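Data first, discussion second: the structure below is written as structure tokens.
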Amino acid sequence: RTLHTQKQPEHMWIRGENMSKVLKVRHATIKAFRDHYYDKDYVEVTPPTLVQCQVEGGSTLFKLNYFGDEAYLTQSSQLYLETCIPAVGNVYCIAQSYRAESSHTRRHLSEFTHIEGELPFITFDDLLDALEDLIVDTAQRIMSSKHGDLVRELNPNFTVPKKPFKRMDYRDAIEYCRENGIRKEDGTTFEFGDDIPEAPERKMTDMIGVPILLCRFPKAMKSFYMQPDKADPIVTESVDCLLPNVGEIIGGSMRIYDEQELAAGFKREGISPENYYWYVDQRKYGTCPHGGYGLGLERYLMWLLNSNNIRENCLYPRTAERCKP
């Protein structure tokens, strides 16, 4: 039974054999990520989750009164990780993030475990290589651990993917959808500039059948901090990693490191830079080409365990419908 159909409350359901296995695999997965980062000389930090800046759009912020000031639960620790690059080099965190979007899909949570990394002195191709390595290496570590047999029990068909992943530009994805009859919800065809929602994205991913690094999304679709592609400035050096059965599990990009370009990004998105003074200062007082990403742990587990719903991979899921117990 899934969380959609089971009648027991979550605090009793977790005693079942299946959920016990999932929690142990989740534990092994977090360890695999930490071991990967340790062996690659990343430094782990613990950024704040009470913030006063948006990262992924103001409409998905949980707002709260912070001793008379407006504050939010964090959408992402990315901006804080970027400030750590000059001090420690490659950096990562494993922390909770929050999205106040009323999404009711099989892969959305209002609170999730966010694995984020930032890398200095890299190119866009270096970033793509790092994402491939992250997915493959952590999967190998899990399958060779003492909990690998639990993965084989829960998902007998799982195999560690091979590098390199398929690399596909957003433009090519739009064309693929048009050529293969994958349409928008209203039945019309996708055009350049359209967001590809969860269901069509997953259909395309499942049809292709291998991990995909979907690259170079239009600037108008993406956040203020994403670096434009020098060869084609209407798109960004951005990437989503799509895996079969799930779709997107990672979003990443190169970050703007020029102060004037960043100011233009704020203006384009209608964001006041006032609360971002500390982020702008990173560009004023010495910076470098850098990029990073965020990975949703529960989505990674959906792929690893072939889960039907993301809620099956976390303890007491928080969704648009539920904040109990």
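The values are calculated or read from the model by the stated rules, or taken from the named source; none is laboratory data. Because the structure is a prediction, the values reported are computed rather than measured. No Cβ is skipped: glycine too gets one built from the backbone with ideal geometry, and neighbour counts run over all protein chains shown. For the accessible areas, the whole protein counts, side chains as well, though only heavy atoms, and no ligand, DNA or RNA atoms are used. Shrake-Rupley method; radii C 1.70, N 1.55, O 1.52, S 1.80 Å.
Just how large is the dipole of the chain about the Cα centre, in debye to the nearest 20, putting +1 at every Lys and Arg Cβ and -1 at every Asp and Glu Cβ? Provide the component values of the computation, followed by the final result.
Values: 40 positive and 48 negative charges, 260 e Å.
Computed about the Cα centre, the dipole is about 1240 debye.
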*What are the semi-axes of the equivalent ellipsoid of the stretch 181-325, taken as the square roots of 5 times the eigenvalues of the Cα gyration tensor, listed largest first and rounded to whole Å?*
31, 21, 15
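With all protein chains present, how much of the accessible area of the chain (probe radius 1.4 Å) comes from carbon and sulfur, to the nearest whole percent?
On the way: 7510 of 15470 Å².
Here carbon and sulfur together make up 49 percent of the probe-accessible area.
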*Along the positive direction of the dipole of the chain (beta-carbon charges: Lys, Arg +1; Asp, Glu -1; about the Cα centre), which of F67, M143, L81 reaches farthest?*
M143
*In terms of the ratio Rg/(2.2 N^0.38 Å) built on C-alpha atoms, what value belongs to the stretch 143-226?*
1.40
_Mean accessible surface per residue for the chain, computed with a 1.4 Å probe while every protein chain stays in place, in Å²_ = 48
*Estimate the FRET efficiency between K324 and D133 by the formula 1/(1 + (r/R0)^6), using the beta-carbon distance for r and 30 Å for R0, to the nearest 0.05.*
0.15
*Put a dot 7 Å past each Cα toward the Cβ at Y66 and M221; how far apart are the dots in nm?*
3.2
*Any idea what the dipole of the stretch 158-298 comes to, in debye rounded to 20, about its Cα centre with Lys/Arg Cβ at +1 and Asp/Glu Cβ at -1?*
400
_Note, ³J(HN,Hα) from phi for the stretch 301-316, Karplus 6.51, -1.76, 1.60, rounded to Hz, x at Gly and Pro_ = 5, 4, 5, 4, 9, 6, 6, 7, 9, 4, 5, 6, 10, 9, 8, 6
*Within the stretch 234-309, which chymotrypsin sites (Phe, Trp or Tyr not before Pro) sit in a loop by DSSP and count at most 16 neighbouring Cβ atoms inside 10 Å?*
Y285
_Fully extended contour minus Cα-Cα distance, from L23 to N155, at 0.36 nm per residue_ = 46.1 nm
*Could you pull out every residue, at least 5 positions away or on a different chain, whose amide H is within less than 5 Å of the one on K166? Hs are placed 1.01 Å off N in the peptide plane, and Pro or chain starts have none.*
L213
*Take the Cα pairs of the stretch 36-140, get the Kirkwood Rh, then feed it into Stokes-Einstein at 25 °C and 0.890 mPa s and tell me D in µm²/s.*
160
*Per residue of the stretch 105-111, in order, report the coupling 6.51 cos²θ - 1.76 cosθ + 1.60 (Karplus, θ = phi - 60°) as ³J(HN,Hα) in whole Hz, putting x for Gly and Pro.*
8, 6, 10, 10, 10, 7, 10
*Per DSSP H run of n ≥ 4, the term is -39500 (n - 2.57); total these for the chain, divide by its residue number, and report the mean residue ellipticity at 222 nm rounded to 500 deg cm²/dmol.*
-10500 deg cm²/dmol
*Could you state the angle between the C-alpha long axis of helix 124-143 and the longest principal axis of the C-alpha atoms of the chain, as a value from 0 to 90 degrees rounded to the nearest 10?*
20
*J(HN,Hα) series, the stretch 39-47, from Karplus relation 6.51 cos²θ - 1.76 cosθ + 1.60, nearest Hz, glycine and proline x*: 5, 9, 6, 7, 10, 8, 10, 10, x
_Rounded FRET efficiency, nearest 0.05, which uses the C-beta distance separating Y285 from A263 and R0 of 22 Å_ = 0.90
*Considering only G251, S307, Y277, whose Cα is most displaced toward the positive end of the charge dipole of the stretch 231-320, charges sitting on Cβ of Lys, Arg (+1) and Asp, Glu (-1)?*
S307
*Give the long-range amide H neighbours of T319: residues separated by 5 or more places, or on another chain, with amide H under 5 Å away, using H modelled in the peptide plane at 1.01 Å from N.*
S110
*asked:* With only alpha-carbon pairs counted, each pair once and no self-pairs, how large is the Kirkwood hydrodynamic radius of the chain in angstroms?
replied: 20.7
*Would you please name the trypsin sites (Lys or Arg not before Pro) within the stretch 120-189 that are DSSP coil residues with at most 16 other C-beta atoms within 10 Å of their C-beta?*
K146, K162, R183, K184
_What do you get for the angle between helix 78-88 and the principal long axis of the chain? Use alpha-carbon atoms, 0 to 90 degrees, nearest ten._
70
*Out of G117, A28, P211, whose Cα points farthest toward the positive end of the dipole of the chain (charges: +1 Lys, Arg; -1 Asp, Glu; placed on Cβ)?*
A28
_Against the rule of thumb 2.2 N^0.38 Å, how large the Cα Rg of the stretch 262-308 comes out_ = 1.82
*At what distance in nm do the modelled label points of K184 and I14 sit from each other, each positioned 7 Å from its Cα along Cα→Cβ?*
4.2
